[in-house]
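Working notes, beginning with the structure itself.
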Amino acid sequence: MLLIRPLQENDLDALYAMAQGAGKGLTTLPADRELLQKKIDHARETFNQRCAPEAGLYLFALEDTELKQCVGISGIQARVGLDEVFYNYRLSVTVNASRELGVHVRTPTLHLSNDMTDTTEICSLLLSGSHRGGGTGLLLSRCRFMYLDDFRKHFSEKVFAEMRGVSDGNGQSPLWDALGSKFFDMEFSEADVLSGLGNKSFIAELMPKYPIYLPMLPDAARAVIGRVHENTAPALNMLQAEGFNFNGMVDIFDGGPVVEAFIHNIRTVREGINRHVMIRKTPLDLNVPAEDQVMISNRSFRDFRVTTIPAGCIGLDTVSIPAEVAGALEVESGDLVRLAPLKDTGRR
Amino acid sequence: MLLIRPLQENDLDALYAMAQGAGKGLTTLPADRELLQKKIDHARETFNQRCAPEAGLYLFALEDTELKQCVGISGIQARVGLDEVFYNYRLSVTVNASRELGVHVRTPTLHLSNDMTDTTEICSLLLSGSHRGGGTGLLLSRCRFMYLDDFRKHFSEKVFAEMRGVSDGNGQSPLWDALGSKFFDMEFSEADVLSGLGNKSFIAELMPKYPIYLPMLPDAARAVIGRVHENTAPALNMLQAEGFNFNGMVDIFDGGPVVEAFIHNIRTVREGINRHVMIRKTPLDLNVPAEDQVMISNRSFRDFRVTTIPAGCIGLDTVSIPAEVAGALEVESGDLVRLAPLKDTGRR
Amino acid sequence: MWLVRPAQPGDLNDILDIAGGQGPRMSSTLPKKQDALAAKIEQSARSFAGTNNASEARRFLFVLEDTGSGRVQGVSGIDARAGNGQPFYNYRQDALIHASHELGVSRRVEVLYPSHALTDHTLLCSFTIRPELRGTDAFELLSRARMLFIAAHRELFTDQIVVEIQGVQTENGDVPFWDSLGRHFFNMDFETADQYSGLLSKTFIAELMPPNPIYVTLLSQAAREALGQPHPQTRATFELLQHEGFHSGCYLDIFDAGPVLEARTDTLKSVVTSHPKILHAANTDDGEPCLVSGGEGERFRCTLTALTESLGDEVRVPVKTWNCLGRSSGDEVRITPL
Amino acid sequence: MWLVRPAQPGDLNDILDIAGGQGPRMSSTLPKKQDALAAKIEQSARSFAGTNNASEARRFLFVLEDTGSGRVQGVSGIDARAGNGQPFYNYRQDALIHASHELGVSRRVEVLYPSHALTDHTLLCSFTIRPELRGTDAFELLSRARMLFIAAHRELFTDQIVVEIQGVQTENGDVPFWDSLGRHFFNMDFETADQYSGLLSKTFIAELMPPNPIYVTLLSQAAREALGQPHPQTRATFELLQHEGFHSGCYLDIFDAGPVLEARTDTLKSVVTSHPKILHAANTDDGEPCLVSGGEGERFRCTLTALTESLGDEVRVPVKTWNCLGRSSGDEVRITPL
């Protein structure tokens, strides 16, 4: 069984192995044991409510219950930009027009912005290569929306995700080459890592503060603004299907887009339903196609657990699940659980 | 009967009388016969598709069919900022933080923006004092959403409305006093009128181009940014109920908010249904409470007409309407019409 | 003889001829259209005569006349107040230091700020001369006669004086700075913008110019190299003005990034060295070559002369110089060495 | 006698005493904490001795000693390069003209631009003296000794030299400019920010300073009135520096909007007038009051003297002056009138 649960102390080795396998590009989970340990500690404090709600970092592990091992991770940062400064470029338009001369020019312009400050970010998604496919990625990502839904007061009304921008096989980013490198005396990967480590004062010190007029950048750089890396396209599609939209913000280094949604508009949230648990005696084949699976969560803040069951288990007021699933979710007969389809049902 | 139809040549006198009665503040419809005539001409060209779609100005008249007189007007501008330059302030946040000193300051900041350029605006709503109440304002405003719905390709995906900002009994605006007046050597009302007349080059010439940090403005000015004039509160409530949200833009003069919505998310659009017309022989009392009325449109681009009928007329596939209503709508038995509740049904 | 005097309506065709014969930029403040030029000459005449009304800017236009043929061979001008009541646009080149203490890096970031700081300073402008006269004494006369006029009418001008020097242009007429910046916003070629700048109110610049500062590092390499560089053809002008005491500051032309030269009016070489003297006759044509000017307002004249003797408040120059200036013995003139 | 000489470790307590006795701003570049001040004195000693490593900024600290009591009564300093390897922050006051041709209106819009243009210019700093000596000859000695040091070590300093003058502060310690601008962004009072500025790397300014230009019209009236105005208590300093050839330009302090004075190093009065001379003895104590300096680097000394005779390359001053300077007959010194 694949089970979502809060990240735990003993996940460090698995996490480190995954981070190593992911290589560069995932700057929020670098392959650094000390740093990963800090993240785990932070997550433990968050779930145990030993840190301020706005400082919360909710990290979920995907556990393969047969292997008893963490094979994936995903996260929610309760608020960004409260401890450090959170930067984006806002892709805006400057219009210059002269009626006398009959000239009307629209100039796309990047404005340095901190407008995502104090907003909830979904982040840190990483799935072990061995477990990709079959809707596992969906479960790992979308379980977060069930959590956001049930504990809204801990999060902002809107949530966002930063999508990785375009870079070539060597990790070179056209936007960085045309813009960032002119101001930061370092490589893209170095800047990206520094930025991921959280101390962003170097950005305040080195970043251009005035707007950047895009016609002054080369075509290659302009072309990637607001576009995602090809490896990230599936993740973007998934979020768009959930109701996330590009909000005009892009990453200051690689130009990757920021997508956002009101929590109440997220499909997983809209389509979620509550049912009372009934433990079934009759055996059940859990191995159904992803289309027929629904996510089921135990709605626990401290020990949030989600797995999938066949849609057929859902009754009018109840959901009938095998004892092993109830055990994994730590629920008993009569407990209220929440359900949402794993895949897009096209009901919209 | 109250009937929405395209504005016509012979509405000039009524329009002029309404504009005179409205006084200052409605800068898009000044009491100037020549200007009003131009607006009518522009609207006629738009409905007759004799101007480019993006230049369209759709003006609808509310006719009291007994009086045979126009008693209200509302409009849609297909695209703003294509002919002149369209300015707003974007209410943004600047974050300055020093980890070393433990300082973290968020400074609300106004950035001059042209980002509404190329977007559809709903505008020019004016209702004669004699006809206020009983849902007439709703009909006059919301008929536009039925039009936007049926002719989406003529409009942008999003539409917006600028809401009148706060000013006192003498027409003094606190934001203007603190900001605009420092740069424009004129009265608020004068600037507002000049701006409404469409030639906005004086704004490019006189407007501050750098961001305005709000802590530098007096409290009275800061307090009105993004707030509406008390007379406009009902209009704002109506638009919010329709699904419009504040989008972070405010008027450069009085700080009034801009609200926007995706057309497909507007309640009138979401709740709209199509039915085939059936002319009923049995008499029908059209005079039902606003709660029980539905808007009915003939879906015509050139000769768009909307009125209200009792909700009870709606059948499974058809709507049964009296001959007089069919006549007013210029529809016949079997024609497809569109219906939407006049008031919030709370179905959401 | 070469004579510099106020432009007159009758000079119109000669000036048009000269203005038309220049490259695109040379004529930027000198309209090529007959009616615009005629209006400019009339405004100049009012400025010399002191008959402008209060709201009209004082703009002086001088011509270089070959007294033998009576033909005008060059034009130069002074705007008493740059911008003539409107903003006078420049870029101000400045640098910010972007340094990270933690990373131990420091970078000099050049920025161009839109500036009107030179608005209302006296501006030398409209300098246009037949190419074959470039670098000659007549060339120097045409340019420096303006300083003598300023010296004699100091109260009409400001303490700071500026002059724009044409910037870099390639042989096929491309302007690298314009192509890298202005073109994107004005949506027209350099020559068109330049012509508008001479003819129209500056409203179009306020409307079309990018409203925020520009990072130099984002300009094309050719544009960066052109910043503050004079066009090779302006070499003679540039050196003459440097010799007068002008120096490049941090201001650049907004269209071609040519340098704006600045000087303090009271330290201009011609102003400092040209004291009023009383005119007397010399018997010979020999002597030190000098510029000599005389006459107020519309009667201002300036020519080249040989100076035989200068003792105390008196100078001796040949009588033909008197005639050229329209002055006679005992009149006051100004003299400065070539 | 009054003697100006390089600060030494033994001066620490005297300097702390003086620094603590000043108003908040006077000591801005002079730390009040013992270890910070000791480090500064050591850096100064290395700067005088020329033993800095390449990356360390040269910062010179002078003290005014009463040779009778041996007590230090004042301090002054020179940073060879303003910012000491980091950006040196100022506001540059400039104006834009907002004019509408159609409406016939024109407005001068004052703007403060963040600027680092003075980074790396030589900076006079750390001037602190016991209040009772303000305006005396000792006061002039302490300030101008630095110019004589610069004249004698010209190669260590840049062509432009600047000095920040304390800005307006009310009697109860409020700084109107800070209250209208900086306070909103730095979220601390003026004194705290000012202390950090002296003690910490300038990273916090990059992090906290508003990143965009500031419209003067949006400042409070008290803040607008304070722009470029010196604190009344700095009157003596201000006048002394003006007399040296410093003038206010367009740069202001980012915290209190006090003026930044600028001068060309080679035109400073003390630099221009102080030529090297050979020292000889005078028999009397009478004569013209002068500043006299001698000695290189850490042996630099400057004092007040009576100058009896100055002929050619020679000067005659009393022998007690020799002793004070640690020089003897035939040595080279610099002399400049008070």
**Prompt:** Which of the following residues is among the acidic types (Asp, Glu), in contact with a helix residue (DSSP H, G or I) (Cβ under 9 Å, 6 or more places away or on another chain), modelled with pLDDT under 95 and open to solvent by less than 40 Å² (accessible area, probe 1.4 Å): A:GLU291, A:GLU205?
**Reply:** A:GLU205
**Fill in**
Scanning the stretch D:129-153 for residues that are of a type in the set (Ser, Thr, Tyr) and crowded, with 21+ Cβ neighbours inside 10 Å gives D:SER143
**Request:** Keeping to the stretch A:294-304, report how many residues are surrounded by 15 or more Cβ atoms within 10 Å (Cβ to Cβ) and in contact with a Lys or Arg (Cβ under 9 Å, 6 or more places away or on another chain).
**Result:** 6
**Asked** Wholly within the stretch A:159-274, which helices (runs of 4 or more DSSP H) include no fewer than the required count, namely at least 1 residues that are of a type in the set (Asp, Glu)?
**Response** A:188-196, A:201-206, A:219-223
**Asked** In the stretch C:67-107, what residues are among the aliphatic types (A, V, I, L, M) and in contact (Cβ under 8 Å) with a residue 12 or more places away in the chain?
**Response** C:VAL72, C:VAL75, C:ILE78, C:ALA80, C:ALA82, C:ALA95, C:LEU96, C:ILE97
**Complete:** By residue number, the members of the stretch C:183-208 that are open to solvent by 50 Å² or more (accessible area, probe 1.4 Å), at pLDDT 90 or above and assigned to a helix (DSSP H, G or I) are C:ARG183, C:HIS184
**Message:** Looking for something buried (at least 23 other Cβ atoms within 10 Å of the Cβ), out of contact with any helix residue (DSSP H, G or I) (no Cβ under 7 Å at 6 or more places or on another chain) and within 19 Å of D:ARG144 (Cα to Cα) - is there at least one such residue anywhere in the stretch D:76-96?
**Reply:** yes
**Request:** Considering only the stretch A:305-319, state which residues are open to solvent by less than 20 Å² (accessible area, probe 1.4 Å) and of a type in the set (Ser, Thr, Tyr).
**Result:** A:THR307
**Prompt:** Can you tell me which of C:ARG327, C:ARG316, C:ARG334 is within 22 Å of C:LEU61 (Cα to Cα), more than 26 Å from the chain's Cα centre (by Cα) and surrounded by 15 or more Cβ atoms within 10 Å (Cβ to Cβ)?
**Reply:** C:ARG327
**Request:** Output the residue which, of all residues in the stretch A:197-242 that are among the hydroxyl-bearing types (Ser, Thr, Tyr) and within 14 Å of chain D (Cβ to nearest Cβ), is nearest to C:LEU218 (Cα to Cα).
**Result:** A:TYR210
**Prompt:** In this structure, is B:LEU125 touching a helix residue (DSSP H, G or I) at 6+ places or on another chain (Cβ under 7 Å) and surrounded by fewer than 22 Cβ atoms within 10 Å (Cβ to Cβ)?
**Reply:** yes
**Prompt:** So which strands (runs of 3 or more DSSP E) are wholly in the stretch A:37-132 and hold at least 3 residues that are within 14 Å of chain B (Cβ to nearest Cβ)?
**Reply:** A:88-98, A:103-113
**Asked** Which residue, of B:ARG280, B:ARG227, B:ARG275, is open to solvent by 30 Å² or more (accessible area, probe 1.4 Å) and under 27 Å from A:ASN247 (Cβ atoms)?
**Response** B:ARG227
**Residue count, the stretch A:293-348 (criterion: assigned to a strand (DSSP E or B), polar (S, T, N, Q) and within 15 Å of A:PHE60 (Cα to Cα))** = 2
**Asked** Does at least one position in the stretch C:146-157 carry a residue that is within 22 Å of C:CYS250 (Cβ to Cβ) and of a type in the set (Asp, Glu)?
**Response** no
**Asked** Which ones in the stretch D:159-182 are among the acidic types (Asp, Glu), closer than 21 Å to D:TYR196 by Cβ and either in a loop (DSSP other than H, G, I, E, B) or out of contact with any helix residue (DSSP H, G or I) (no Cβ under 9 Å at 6 or more places or on another chain) (or both)?
**Response** D:GLU164, D:ASP174
**Message:** Six or more apart or on different chains, Cβ atoms under 8 Å: show the pairs whose first residue is in the stretch A:168-194 and over 18 Å from C:HIS98 (Cα atoms) and whose second is among the basic types (Lys, Arg) and modelled with pLDDT under 85.
**Reply:** A:GLY171/A:LYS24; A:SER189/A:LYS24; A:ASP192/A:LYS24; A:VAL193/A:LYS24
**Fill in**
Only one of (1) in a loop (DSSP other than H, G, I, E, B); (2) surrounded by fewer than 22 Cβ atoms within 10 Å (Cβ to Cβ); (3) of a type outside the set (Val, Ile, Thr) does not apply to C:GLY10, and that is (1)
**Top-ranked residue of the stretch D:154-173 - restricted to ones that are more than 30 Å from D:THR267 (Cα to Cα) and touching a residue at least 12 places away in the same chain (Cβ under 8 Å), ranked as surrounded by the fewest Cβ atoms within 10 Å (Cβ to Cβ)** = D:GLY173
**Complete:** Apart from one, (1) modelled with pLDDT of 90 or more; (2) open to solvent by 20 Å² or more (accessible area, probe 1.4 Å) all hold for B:PHE86; the odd one out is (2)
**Asked** Just a yes or no: is a residue in the stretch A:177-198 touching an Asp or Glu at 6+ places or on another chain (Cβ under 6 Å), open to solvent by less than 10 Å² (accessible area, probe 1.4 Å) and not basic (Lys, Arg)?
**Response** no
**Request:** Among the candidates D:HIS116, D:HIS101, single out the residue that is open to solvent by 20 Å² or more (accessible area, probe 1.4 Å), on the phi < 0 side of the Ramachandran plot and within 12 Å of another protein chain (Cβ to nearest Cβ).
**Result:** D:HIS101
**Fill in**
Taking the stretch D:181-216 and keeping residues touching a strand residue (DSSP E or B) at 6+ places or on another chain (Cβ under 7 Å), more than 14 Å from chain A (Cβ to nearest Cβ) and either in contact (Cβ under 8 Å) with a residue 40 or more places away in the chain or within 14 Å of D:TYR91 (Cβ to Cβ) (or both) leaves D:LEU181, D:TYR215, D:VAL216
**Request:** Kindly indicate the residue of the stretch A:208-221 that is open to solvent by 20 Å² or more (accessible area, probe 1.4 Å) and touching a residue at least 12 places away in the same chain (Cβ under 8 Å) and also farthest from C:LEU96 (Cα to Cα) among those meeting that condition.
**Result:** A:ALA220
**Fill in**
Across (1) farther than 30 Å from C:THR170 by Cα; (2) within 14 Å of chain B (Cβ to nearest Cβ); (3) not hydroxyl-bearing (Ser, Thr, Tyr), C:VAL272 clears everything bar (2)
**Any hit, the stretch B:90-112, residues being over 30 Å from D:LEU218 (Cβ atoms) and of a type in the set (Gly, Ala, Ser)** = no
**Message:** Can you go through D:GLU288, D:GLU298 and tell me which one is acidic (Asp, Glu) and modelled with pLDDT of 90 or more?
**Reply:** D:GLU298
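The values are calculated or read from the model by the stated rules, or taken from the named source; none is laboratory data. On a predicted model such as this, the values are computed, not experimentally measured, just so you know. Heads up, the Cβs are rebuilt from the backbone with ideal geometry, glycines too, and the neighbour counts pull from every protein chain shown. Protein only, heavy atoms only, side chains kept; ligands, DNA and RNA dropped before computing areas. Shrake-Rupley method; radii C 1.70, N 1.55, O 1.52, S 1.80 Å.
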